[in-house]
Structures are given as structure tokens and as C-alpha cells.
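Visitor: Handing you a structure now.
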Amino acid sequence: MWWNMSNKISLIGNPNCGKTTLYNLLTGKTERVGNRAGVTVDSKTGRYVKDKSVFITDLPGTYSLKAVSGDERIVSDNLNEVPKVIINVVDGNNLSRNLLLTCELTSLKIPMVIAVNFSDELENRGIKIDTVALSKVFNVPVVLISARKNKGIDMLMNDALKNARVPNFIPPDNYEKFIDNALNSAVKTARADILDFTDKADKILMNKYLGIPIFIAVIVSVYSLTSILGGFLGDKIADFIKTAGAYAELSLRESGAAEWFIGLIVGALVKGVGAVLSFLPQILVLFLLLAVIEESGYLARAAFLMDGIMEKVGLNGKSLISLGVSCGCAVGGIMSARTIESEKQRRLTVFLSPFMPCGAKTAVFAWLSGLIFGGNPFITASLYFLSLFVVALSGAILKRFDRFRGGAGLIMEIPVLRMPTFRGVFNELKEKAVDFLLKAGSIIFLVSVVVWFLQSFGVNGYTQNISETFLFSLGNRIKILFVPLGFGNWQSAVAVLSGIFAKEAVIQTLNMVSDNPANLFVSGYSAYAFMAFILFMPPCIAALSAAKNELKSAKEFCIMLAYQTITAYLVALTINGLGYLYENFGIVFLSLTIVIFGVIISIVILKNRRQCKNCRTCGVKRCETKKANTTI
Amino acid sequence: MVLSEVKIGERVKIIVQKNENAVKQRLRTMGIRSGTIVTVMNTAPFETPIEIKIGNFRLAICKAEADKIVVEYV
């Protein structure tokens, strides 16, 4: 490794105790933070800002060194390269649970410092922790810190670099007794078990009846704010780029630049990259709202509410977190699947997360519906619900196969509700804006240049006759595939192809190959089928490589690609087919077909495949596990 | 009585867990074991999962697992 192991400090602690917030403070980085267990699913190393020779490693949170899920395994693997010092971050609000891991850490015989985080919240709740007494019990320095408020950090690092000691070994059988004694001597609580703000708010947010309507309201408001506010700001940028582009073209012509060069600048830069850039505000608004949901702790509550429904379709409450994160970007969503304990549910979550409309797809839909449906908000909103419906349907179908069936029930920490910090939200936005601009400058620009080249050159060199170009012949060769879907023209075909690199590329390609992309679609429903195809087709290259990484198998990866392609094709075919029926045979025939197909599908899905309550994994009529468990 | 039968707002003490070892071990690393006092906070739609509070720690646990945790009133 590029860092010097002899000077490495590892941050270890329970999930959601603030390790990454501390890491960002120590290294000056802007890694993603959030208020729930499992935001960090990979280890990260950076240099300490005040002493560049010291390396800090941030690890995923874990309850125990005995690994269960993929993110927890990273912690035990990482400890194989022994760090110089361990900073054990513990949540001061939950000492008795957090110290169990501390006890396990004593068996490693590595010098350690304990950082008791959330000192600000402890003060508010009237809890006093005697660090000297705690330090005597474990024989290591104990420092009170607040990573969110940047308090006690220098003292912690001073102790970590100079005073860290190997802790007293605690035998595993004595953990609980040992902790009870330690807490008796070190913690003074004013009042125990009072109902705090989180409890009161959860009475409403997690209410059996109110919870789901509130959740739906949250989704709807995220969507409408993104499209209204983001759309408004985006239009301003689009106007600016248009004016700048016209000005550039004019001055280039006046200076007598070559025709192909003008084509490159206007075609690839203005029409291609420029069209994508105008969606920056929309994507930022979306990520701002998602960051607020993430940092407040609401996402874990949504997972709690939806777990029952998710289980019915072979998923898990934690899959909802993946789906929710995927509404921003599927890469993050796919990586969060790591926290799911059951391999089969994890696989299914990786398969289905890319079906969610990510920021880039949302931009494509907003653009197309603006062009074709006059910006009708119902069109884009319906795609959100279509994606949820297809995820549920996919889960219900796929869980019939052994490859996906079965898994563990949900056991998940519900975080304290917290006010999102300005620093956290701002860092997230900065990160996303930089990502987006880098993407526009690299992959989007490259696709633009390639598309420009292919549509400006043919076998006879540079040409202005489009039917002689490479792009035209390429598109014409594959367009037959899309005829049943209602968009069998070469322009749409190449746009779909470019969507594999980045979904934003669909906008730029359509914009570059057609003066008025609305004319490419013979009817509203064929345009809708096109959007559905973009929604469900395999995700962009970045998400594909994340999926490959999580699935850890080329075979699984190919199955996923095939599944997503087939789903995209079938959904688009259905939409186009229903539209065709409606147009030619009227609404009565259409409803009749929908009802008949609906009945067939529900029979297939609801057909009771006997599953026993106890083992959940078998699906066979006579299950040995069930027998064994009921006789106990 | 088992944990899944406890009404919202009631406090109970865990007597014994009949879950498989992996689940039992996982709950133990979260500080849940025989003798732990828990409060049931919320139940999700479809009766699963339920939210319990242990000290200041809130945990969602699905019904199938809560069915196998024997508790008594304190």
C-alpha cells in the first residue's frame, strides 16, 4: 500500500457513531456521511491535516469483529494489516452497547484510544461521563469529543499519537459484567428512559397508519421540488448556453473557420455537453433533498415502514435504503446493498436498484416530457411509480427462483433524529457538483465528440449528407430491434446505445442527431415507451462496474444484464402495445386487455407457493426445518 | 409471552431467546441478552418489524425473530 503502515491510525466503532464525520475533520476530506447505520461500506485512507506523515483509515461500522455482512468483513480484513493505533469511536448515548466492541478490541493487543463522541448531545441530556474512571478501567486514554461540533479533536489526536496504550485484556465471558461495573463507576445519568424528541416524533413518523402516507408525501415533495425548482434554474442555464452557442457560431463563421470545426464546436460542445450542463441545478436540488433525508435519519424509518411490503416481494427493509439512495445515483445504491446480511436478498437488491430513476435519468425524462408532453408533471411522476411497480413485480417473480429466494429478517438500528448539519449537506452538494462537472468534461464530452465524428464522417470522409455517415448506417442496422417498441428510427437507436455510457448522453445524442427530437416519436405512447426503456435498461458504466464488484461473479453479472435488458424491452413493448390497442380499438378493448392480463399476472404471483413460517428459505411443501422447530 | 405480543409503550424483560445462533449472536453484539429490559416503541404496517428501545438505543427487529424472544413484564 502507498501509505506507511507503521504510522496508520484506524477508526473503529459501532455503525453510526460518527467515524466518518471524525475522519472528514481529521483528513479534510468530504466522504459521505449520513444518519443511519451503513453509510460507509468501504475503508478509506487519508493523511492527517496537521501531520502529513500520519495516515488515518476510516472503516465501516461494526457491532462485532466476528464478521456477518460484507461491510463488516472489511473491518476484520483491514485489521490484518495491523495499525499503529486504534481510535475506538463510541457513541456516548449508547455506551453499554458500544463498549461491547471495545471489549472485543482488547483481544487485539493494539495500542488504543477511546473517543466518546456526541459530547454535545450528552450535555443536553444531562449525562456526565467520567473519562478518568473509564480510562482506568480499560487502561487506555479516554477523550470526550463532538465530531459534528469539532470539539476535543486536537486532544484526541494528541493522545492517539503520544499516549495510546495496549488495553487490559478482558475475557469474553466477562464482557457484560465488566461493562456494567465500568458504567456504574463512570456514568452519571440524570434521568433514565425519558421520552425524548425522537420518541415523540416517531410516534407520528413511524406510526402504523400515518407512516406510509407520510413516506409517500415525502417522495412526492422531493420529486416536485426537484422538477419545479431545478427546472426553473435549469431553463436559465439552457437559455444562457443557447445564446453563448449562437454567439460562438457567429464569430467562428466571421473568422472563416472550417465547416467541420464549426460543426464540432456547435454540435458536440453546445448541443451535446451544453444540453447536459443545463440539468446541473435539477440534479443538485435532488441531491440536496436526498442529503437532508439521509442526515436527518428518516431513511432508516422509511426502511422500517416498508419492510413488511418489501419482504412480500423477496426484498428486505434495507433494500429500500438501496432503492432510496439509487434515486440519486445507482452506484451508491448498489454499494449500500453490502449491509444486507443475506446473500440472496443482496443479489436481488443489486439487480433491482438500477431500476430507480437516478438523477441522470430524471434529467432525460424532464427534458423529453418538456419537448413532447409540454412538461406535463404527471408523465415524469408516473415513471417513479412505474419503477416502483416494476421493482415489486420483479421481486415477486424472481423470488420464485432459488437464486433469489430466502433471507434473514430485518435487524436494523433506528438512529436518533438529528438536524442535518450545514457542513454535511454542503460537502455532499459540492461533491456532487464536482462529480457532475467532471463527468460532463470527460465522458459526456467524449461521447459528444464520438457522436459528432460518426455523424460527420462516412466511408468517403467528411460529409454533410447524413445518409452517408457512419452513424446513420449504424443506427439503421440496429433500429429494427426497436420497431416493436414504437421508436424504430436510427436516431433513437443510437441514443439508446449512447445511454450505456451515461444516461445524460441520451439527451445530448438526441439533441445532436435531430433538430427537433419530438418528431422522432410517432405518438405520445411511443415516446413514453422510449422513456421506460431508458429507465429499465442496464445502468451506466459506473453503476455496472459497481454491480460487478458487489456481485463478485461474472455469471451473476451477465444474468443481471440479461434481466435488465429483457425487462426494459418487455415494459416498453407493453406500453407501446397498449397504446396501439387504445388508438385502434378504443378504450373498452384496452381496459379489457389490461384486466385479463392483470388477472393472469396476479394469479401467477399470488399463487400460493407454500413457504413455511420458520425457515423461509425452503419453499417446499414439507420442510424438515419446520417440523423440527414446531416439535420443540 | 413473546416479544411480538407486547403492546406499544410496555416495558418487558427478556427471559430467553429461541432464535438460531447467528441471530442470537448478532443481537448479543447489540447488547440484547437475557435480563435486558426493552420498551416496545412502534409497530410497522403488516405487524413486522417492531421497534424496541434499549436504554437510548432503538432497534427494528422483524416479527419472525421477535416471536422467538420470551419476555415477562417488569
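Visitor: Pop out the carbon and sulfur fraction of the accessible area of the protein assembly as shown as a percent, whole number, probe 1.4 Å.
Guide: 63 percent
Visitor: Let me ask something additional. Can you tell me what share of the DSSP beta bridges in the protein assembly as shown is antiparallel? A percent to the nearest 5 is fine. Let's see the in-between values first.
Guide: Values: 35 of 53 bridges.
Rounded to the nearest five, the antiparallel share is 65 percent.
Visitor: Hey, what number do you get for chain B at 222 nm if only DSSP H runs of n ≥ 4 count, each worth -39500 (n - 2.57), divided across all residues, to the nearest 500? Intermediate values should be presented prior to the final figure.
Guide: Values: 2 runs with 13 residues, N = 74.
My calculation for chain B gives -4000 deg cm²/dmol from helical runs alone.
Visitor: On to the next question. Tell me the total accessible area that B and A bury against each other, 1.4 angstrom probe, in square angstrom rounded to 100.
Guide: Chains B and A together bury roughly 3300 Å² of accessible area.
Visitor: Could you calculate, for chain A, the ratio of the Cα radius of gyration to the Kirkwood radius, expressed as Rg to Rh?
Guide: Numbers: Rg = 27.7 Å, Rh = 27.2 Å.
Taking Rg over the Kirkwood Rh, I get 1.02.
Visitor: For the protein assembly as shown, what is the accessible area per residue in Å² when the probe is 1.4 Å?
Guide: For the protein assembly as shown, the per-residue accessible area is 44 Å².
Visitor: Okay, next question. Taking each full run of DSSP H in chain A as one helix, which ones are at least 27 Å long along their axis (Cα atoms) and have mean Kyte-Doolittle hydropathy of at least -1.0?
Guide: Span-like helices, by this rule, are A:231-254, A:377-398, A:554-606.
Visitor: Counting only protein heavy atoms, probe 1.4 Å: which residues of the stretch A:299-322 lose 50 Å² or more of accessible surface in the full assembly compared with their chain by itself?
Guide: Listed in order, they are A:Phe304.
Visitor: Which of the trypsin sites (Lys or Arg not before Pro) found in the stretch A:71-144 are in a DSSP loop and have at most 15 neighbouring Cβ atoms, other than their own, within 10 Å? Walk me through the intermediate numbers first.
Guide: Values: sites: A:Arg73, A:Lys84, A:Arg97, A:Lys109, A:Arg125, A:Lys128, A:Lys136; in loops: A:Lys84, A:Lys109.
Answer in residue order: A:Lys109.
Visitor: Further question: Which number gives the lysine pairs in the stretch A:61-148 that have C-alpha atoms under 22 Å apart and are eight or more places apart or on different chains?
Guide: Lysine pairs, 8 or more places apart or on different chains, close enough: 6.
Visitor: Say the cut-off is 30 Å between C-alpha atoms; which of A:Lys312/B:Lys18; A:Lys318/A:Lys503; A:Lys177/A:Lys344 go over it?
Guide: Listed pairs above 30 Å: A:Lys177/A:Lys344.
The values are calculated or read from the model by the stated rules, or taken from the named source; none is laboratory data. The model shown is predicted, which means the values in this text are computed figures rather than measured ones. A quick note on method: Cβ atoms are made from the backbone with ideal geometry, for glycine too, and the neighbour counts reach across all protein chains shown. Surface accessibility is based on the protein's heavy atoms, side chains included, excluding ligands, DNA and RNA. Shrake-Rupley method; radii C 1.70, N 1.55, O 1.52, S 1.80 Å.
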